[in-house]
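*Asks:* Following this message is one structure expressed as structure tokens.
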2 protein chains.
Amino acid sequence: MPRPPNILWIGDATGHLQLLDQRQLPSCVVNLELRDVKGVYDAIRSLAVRGAPAIGVAAAYGLILAAQKIPAGEKTESAILRLQEAADFLNSSRPTAVNLSWSLRRCMTLLQKAPSVAVSKIGPMLLEEARAIHDEDARMCAKIARYGVQFVTPGAGVLTHCNTGYLAAGGDGTALAILYEAHRRGIPFRVFADETRPLLQGARLTTWELSQENIDVTLITDSMAAPVMAQRKVNVAIVGADRIAANGDTANKIGTYSVATLCHAHGIPFVVAAATSSFDLSLQSGDAIPIEQRDEREITRGFGSQTAPDGVAVYNPAFDVTPARLIHAIVTERGVVTPVTPENIRAVIEQNYN
Amino acid sequence: MPRPPNILWIGDATGHLQLLDQRQLPSCVVNLELRDVKGVYDAIRSLAVRGAPAIGVAAAYGLILAAQKIPAGEKTESAILRLQEAADFLNSSRPTAVNLSWSLRRCMTLLQKAPSVAVSKIGPMLLEEARAIHDEDARMCAKIARYGVQFVTPGAGVLTHCNTGYLAAGGDGTALAILYEAHRRGIPFRVFADETRPLLQGARLTTWELSQENIDVTLITDSMAAPVMAQRKVNVAIVGADRIAANGDTANKIGTYSVATLCHAHGIPFVVAAATSSFDLSLQSGDAIPIEQRDEREITRGFGSQTAPDGVAVYNPAFDVTPARLIHAIVTERGVVTPVTPENIRAVIEQNYN
């Protein structure tokens with residue numbers, strides 16, 4: 001059974017954006033049909049589409065919907081200003097993942113370099129660029145998979161956290177792309193998927209993705225990672241990233257730092273898989289990465305029931321930062337950074353890339 | 001507002017057992033009125049009553065309900081055999097906490113030492129013994145609190161896991177009893193409560209208990225303990241125990257081993273609070289402690305929604321074992337074991353006790 005597309009542009013530049021509503025998985029496979037920027041903003045903000053690479057791709061398509069609203073007689077200069085407003089709005093939907101701003105900036109730079117283009121051509125230009133971002137992301141996923149497959153040894157137990165698969169990206173994903181590649185190569189392994197509180201992306205999305213490909217996956221609560229490691233059932237942990245600072249400090253889904261610390265305590269290599277677009281070399285360390293705080297009801301009223309008293313104080317950061325010293329390797333589409341140092345990061349990112 | 005009793009025997013030996021249904025907290029404060037052993041078994045098995053000390057107390061009262069069913073003409077010897085069957089049945093409700101078997105064995109030993117007692121006296125004897133177990137547990141909680149309060153320094157941040165308060169015991173609890181004592185003494189501190197997946201005893205019960213006493217408590221997911229520690233907001237972790245081996249290895253709610261490992265990595269003392277009845281000196285180490293495996297639906301269908309695909313493999317141990325080397329101190333009603341060694345444990349347990 002082919003997997004349902006997570007992000008699909010329907011038609012030409014006058015078309016619309018279809019997103020698989022990830023909030024409803026695994027119970028329902030339902031698409032959102034989006035025809036304006038506000039819809040895309042809401043889809044990103046509410047996690048109907050999530051995963052750092054996927055957010056970047058969806059936002060690029062979202063700009064086309066803004067371009068559709070520009071009146072035919074508008075001057076190019078003011079059209080670009082309108083689009084910049086739309087880009088700023090989309091960029092404000094979530095603060096932590098860097099792919100979102102990277103993708104929007106790329107589209108806007110393209111337009112700013114073409115100040116005399118006819119307004120009627122802006123939509124088709126943006127569609128071409130969004131498709132390029134989407135396709136490049138898919139190719140990056142494939143390259144990450146090939147560089148990362150070395151970390152899945154025959155018979156391995158692999159721990160993963162959150163969802164970093166095809167749902168989260170333009171292609172096969174990041175950490176899960178490595179597992180798909182290992183599976184295609186016939187390497188036997190089993191996966192332990194952290195459920196990933198509060199929003200259960202591991203339980204709802206990762207087990208769903210891996211089960212569809214007949215990959216051996218066992219669901220655990222986040223708190224069970226430690227005993228599973230102590231039982232020597234895990235040989236490696238592989239996770240994704242939302243933003244990586246110049247020194248290798250990595251922001252990723254809340255709970256990742258706990259996994260990395262537990263790996264270190266058990267002598268298990270902790271591996272990050274991410275496209276080079278997830279690096280933010282303007283930040284020297286992870287301290288400077290903005291961490292999104294989310295609604296306390298994600299914890300107190302998740303999934304239909306009240307599970308904490310009214311009015312209780314709640315701390316709900318969506319991400320945490322894992323220091324570089326806990327990371328064995330960062331797998332990118334340009335190669336593997338190991339050990340994780342500022343110099344090695346720069347060397348991998350800046351190399352000639354085909 | 002006085003807190004609703006968690007375990008209450010109503011009337012004389014012909015009466016019945018009232019249990020606060022902890023499954024329904026914090027949304028509803030509802031009592032179960034139990035009149036037979038099967039009801040008590042189900043209440044323990046389904047976690048309507050939970051917490052190692054509370055289970056022991058509830059089971060002792062449960063034996064009285066079995067005694068009520070003995071026909072008036074029955075011989076004492078066969079009455080005791082019937083009660084032993086009831087005790088074995090109750091003891092099979094949950095395997096990990098040692099208080100359950102300890103409490104039932106104590107009641108049965110009492111009867112076995114009185115083989116010529118009139119059958120009509122068995123119920124009153126058992127009621128007296130259950131009340132004694134209940135009262136002793138309350139006094140033990142108070143003593144644990146006084147020995148443990150040294151670990152709550154002014155301005156401290158205290159992390160706790162699961163629920164170890166009055167709901168879990170005959171008195172104020174174990175780890176939470178220490179916090180109640182510190183609060184009564186006017187020591188300022190704040191608590192971070194792990195929600196404690198899968199059954200959210202931290203979110204549902206601990207925040208409810210502490211909020212009622214106006215203790216400053218912040219709810220976090222289990223995966224947030226590590227970043228809260230990294231932010232230096234936690235100075236000590238205090239948890240309970242379901243069974244402690246002779247070497248100090250401690251079985252407690254799943255997630256405890258993760259907390260202990262994270263404490264070790266952050267240089268934060270990890271303290272266990274437990275009555276000496278939670279020690280099982282017949283077990284040399286934690287490897288021998290039986291770990292209850294629970295229904296996978298606690299993880300895949302918790303709280304009203306399906307949150308994982310049908311048929312996914314799930315690992316759901318209810319407890320894990322924290323090795324003694326990660327435990328800074330074990331606080332008991334007879335004193336504090338630190339460092340945690342077999343010799344120090346034996347010395348504290350075997351000392352003269354008033």
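The values are calculated or read from the model by the stated rules, or taken from the named source; none is laboratory data. Treat the numbers as computed from the prediction; the structure is a model and nothing was measured. FYI the Cβ positions are ideal-geometry reconstructions off the backbone, even for glycines, and counts take in every protein chain you see. For the accessible areas, the whole protein counts, side chains as well, though only heavy atoms, and no ligand, DNA or RNA atoms are used. Shrake-Rupley method; radii C 1.70, N 1.55, O 1.52, S 1.80 Å.
*Asks:* Can you pull out every residue in the range A:203-225 that is touching a Gly at 6+ places or on another chain (Cβ under 8 Å) and of a type outside the set (D, E, K, R)? Before the answer, list the steps.
*Replies:* Kept after step one, since they are touching a Gly at 6+ places or on another chain (Cβ under 8 Å), are these residues of the range A:203-225: A:205-206, A:209-211, A:219, A:221-224.
Hits for the range A:203-225 are A:L205, A:T206, A:L210, A:S211, A:L219, A:T221, A:S223, A:M224.
*Asks:* OK, next. Identify the single condition in (1) crowded, with 21+ Cβ neighbours inside 10 Å; (2) over 20 Å from A:P227 (Cα atoms) that B:F303 does not satisfy, given that it satisfies every other one.
*Replies:* The failed condition is (1).
*Asks:* Residues to consider are A:M140, A:M125; find the one that is at negative phi, of a type in the set (A, V, I, L, M), modelled with pLDDT of 95 or more and in contact with a strand residue (DSSP E or B) (Cβ under 9 Å, 6 or more places away or on another chain). Full working, then the answer.
*Replies:* Values: A:M125 fails: in contact with a strand residue (DSSP E or B) (Cβ under 9 Å, 6 or more places away or on another chain).
It is A:M140.
*Asks:* Conditions: (1) of a type in the set (A, V, I, L, M, F, W, C); (2) out of contact with any His (no Cβ under 9 Å at 6 or more places or on another chain); (3) within 14 Å of chain B (Cβ to nearest Cβ); (4) surrounded by 18 or more Cβ atoms within 10 Å (Cβ to Cβ). A:A313 meets all but one. Number of the miss?
*Replies:* Just one mismatch for A:A313, condition (4).
*Asks:* Moving to a separate point now. Within the bounds of the range B:80-99, is there any residue that is of a type in the set (S, T, Y), at pLDDT 95 or above and farther than 19 Å from B:A13 by Cα? Spell out the reasoning first.
*Replies:* Initially, the range B:80-99 is screened for residues of a type in the set (S, T, Y), giving B:92-93, B:96.
Now restrict to residues that are at pLDDT 95 or above: B:92-93.
Right, trim to farther than 19 Å from B:A13 by Cα and you get B:92-93.
Checking the range B:80-99: at least one residue is of a type in the set (S, T, Y), at pLDDT 95 or above and farther than 19 Å from B:A13 by Cα.
*Asks:* Then there is this: Quick check, is B:P124 in a loop (DSSP other than H, G, I, E, B) and surrounded by fewer than 17 Cβ atoms within 10 Å (Cβ to Cβ)?
*Replies:* no
*Asks:* Among the candidates B:V348, B:V331, which residue alone is open to solvent by less than 10 Å² (accessible area, probe 1.4 Å) and out of contact with any Pro (no Cβ under 8 Å at 6 or more places or on another chain)?
*Replies:* Going through B:V348, B:V331 in turn, the sole match is B:V331.
*Asks:* Now for a different question. Only residues that are more than 8 Å from chain A (Cβ to nearest Cβ), out of contact with any Leu (no Cβ under 7 Å at 6 or more places or on another chain) and farther than 24 Å from A:G302 by Cβ: list them for the range B:240-262, please.
*Replies:* B:G240, B:A241, B:D242, B:R243, B:I244, B:N247, B:G248, B:D249, B:T250, B:A251, B:N252 - these are the residues of the range B:240-262 that are more than 8 Å from chain A (Cβ to nearest Cβ), out of contact with any Leu (no Cβ under 7 Å at 6 or more places or on another chain) and farther than 24 Å from A:G302 by Cβ.
*Asks:* Scan the range B:201-213 and tell me whether some residue there is more than 24 Å from B:L47 (Cα to Cα) and either open to solvent by 10 Å² or more (accessible area, probe 1.4 Å) or at the interface with chain A (Cβ under 9 Å from one of its Cβ atoms) (or both).
*Replies:* Narrowing the range B:201-213 to residues more than 24 Å from B:L47 (Cα to Cα): none.
No - not one qualifying residue is present in the range B:201-213.
*Asks:* Now for a different question. Considering only the range B:298-315, state which residues are closer than 15 Å to A:G304 by Cα and among the β-branched types (V, I, T).
*Replies:* Those that are closer than 15 Å to A:G304 by Cα and among the β-branched types (V, I, T): B:I299, B:T300, B:T307.
*Asks:* If a residue counts only when it is open to solvent by less than 10 Å² (accessible area, probe 1.4 Å), which strands (runs of 3 or more DSSP E) contained entirely in the range A:1-82 have at least 1 such residues?
*Replies:* Correct list: A:7-10, A:16-20.
*Asks:* Sort through A:F303, A:F279 and tell me the only one that's among the aromatic types (F, W, Y) and in contact with a Gly (Cβ under 7 Å, 6 or more places away or on another chain).
*Replies:* A:F303
*Asks:* Further question: Give the number of residues within the range B:274-285 that are among the small types (G, A, S), open to solvent by less than 70 Å² (accessible area, probe 1.4 Å) and assigned to a loop (DSSP other than H, G, I, E, B).
*Replies:* Final tally of qualifying residues: 3.
*Asks:* Got a number for residues in the range B:164-200 being in a strand (DSSP E or B) and open to solvent by less than 10 Å² (accessible area, probe 1.4 Å)?
*Replies:* Counting residues in the range B:164-200 that are in a strand (DSSP E or B) and open to solvent by less than 10 Å² (accessible area, probe 1.4 Å) gives 4.
*Asks:* Considering each of A:A308, A:A324, A:A288 in turn, give the residue that is crowded, with 21+ Cβ neighbours inside 10 Å, under 22 Å from the mean Cα position of the chain (by Cα) and either modelled with pLDDT of 95 or more or among the hydrophobic types (A, V, I, L, M, F, W, C) (or both).
*Replies:* After ruling out the rest, the residue left standing is A:A324.
*Asks:* To continue, here is another question. Working only within the range B:304-343, note down all residues that are part of a helix (DSSP H, G or I) and touching a residue at least 24 places away in the same chain (Cβ under 8 Å). Let's see the steps before the verdict.
*Replies:* Restricting attention to the range B:304-343, the residues satisfying the condition of being part of a helix (DSSP H, G or I) are B:304, B:324-326, B:342-343.
Passing the criteria: B:A324, B:L326, B:P342.
*Asks:* Could we say that A:A347 is among the small types (G, A, S) and over 25 Å from A:E136 (Cα atoms) here?
*Replies:* Answer is no for this residue.
*Asks:* Right, something else. Can you find a residue that is touching a helix residue (DSSP H, G or I) at 6+ places or on another chain (Cβ under 8 Å) and at the interface with chain A (Cβ under 8 Å from one of its Cβ atoms) anywhere in the range B:278-293?
*Replies:* Scanning the range B:278-293, I find no residue that is touching a helix residue (DSSP H, G or I) at 6+ places or on another chain (Cβ under 8 Å) and at the interface with chain A (Cβ under 8 Å from one of its Cβ atoms), so the answer is no.
*Asks:* Additional query: For the range A:227-245, indicate whether the set of residues that are free of Cβ contacts under 8 Å to residues at least 60 places away in the same chain, surrounded by fewer than 22 Cβ atoms within 10 Å (Cβ to Cβ), of a type in the set (D, E, K, R) and on the phi < 0 side of the Ramachandran plot is non-empty.
*Replies:* Taking every residue of the range A:227-245 in turn, none turns out to be free of Cβ contacts under 8 Å to residues at least 60 places away in the same chain, surrounded by fewer than 22 Cβ atoms within 10 Å (Cβ to Cβ), of a type in the set (D, E, K, R) and on the phi < 0 side of the Ramachandran plot.
*Asks:* Inside the range A:1-59, can you point out the residues that are charged (D, E, K, R) and within 14 Å of chain B (Cβ to nearest Cβ)?
*Replies:* A:R3, A:R23
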